[in-house]
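Report on one structure; see the data block that follows.
The values are calculated or read from the model by the stated rules, or taken from the named source; none is laboratory data. On a predicted model such as this, the values are computed, not experimentally measured, just so you know. Counting neighbours? That spans all protein chains shown, and the Cβs are built from the backbone with ideal geometry, glycine included. Just the protein is used for accessible areas: all its heavy atoms, side chains included, with ligands, DNA and RNA removed. Shrake-Rupley method; radii C 1.70, N 1.55, O 1.52, S 1.80 Å.
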Amino acid sequence: QVQLVESGGGLVQAGGSLRLSCAASRRVVGNYAMGWFRQAPGKEREFVAAITWSGGTTYYADSAKGRFSISRDNAKNMVYLQMNTLKPEDTAVYYCAATTRPSIIVASSYAYWGQGTQVTVSS
């Protein structure tokens, strides 16, 4: 079982930056790819970014490309999402997730989820 805890959300003005962190309760190195998803009120949960277990390959939603960066520190069991040039449409609850499945840009592939952290971007 993997427990995930997100932190780092908050209120920021448009154009600002936030760094989200995800702490895993056990070693996720070796088997688990990690992803970040988000869900805005009244909308479906959507893929934001993902990273393979080794950190060698990253994937981004079109909305995140060029602005967000996912990274991981397997020694610390941590995953990060650096978000720059934030826009009001980035406002959502952001979730960290872990999976052993190969389709790491699909929410249904993920078995383990954190409780989410709220990101609010004001215009």
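See the values below:
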quantity: Residues located in the range 64-87, provided they are without any contact (Cβ under 8 Å) to a residue 60 or more places away in the chain and of a type in the set (Val, Ile, Thr); calculated: Ile70, Val79
quantity: Top-ranked residue in the range 96-111 [being open to solvent by less than 10 Å² (accessible area, probe 1.4 Å) and among the aliphatic types (A, V, I, L, M); ranked as nearest to the chain's Cα centre (by Cα)]; calculated: Ala97
quantity: Residues (basic (Lys, Arg) and open to solvent by less than 40 Å² (accessible area, probe 1.4 Å)) located in the range 1-55; calculated: Arg38
quantity: Test: residue in the range 80-95 that is open to solvent by less than 10 Å² (accessible area, probe 1.4 Å) and farther than 19 Å from Leu11 by Cβ; calculated: no
quantity: Listing of strands (runs of 3 or more DSSP E) fully contained in the range 70-123 that carry 3 or more residues being within 13 Å of Ala49 (Cβ to Cβ); calculated: 78-83, 92-99
quantity: Residue within the range 25-40 that is assigned to a loop (DSSP other than H, G, I, E, B), among the β-branched types (Val, Ile, Thr) and either closer than 25 Å to Gln3 by Cβ or at pLDDT below 95 (or both) present; calculated: yes
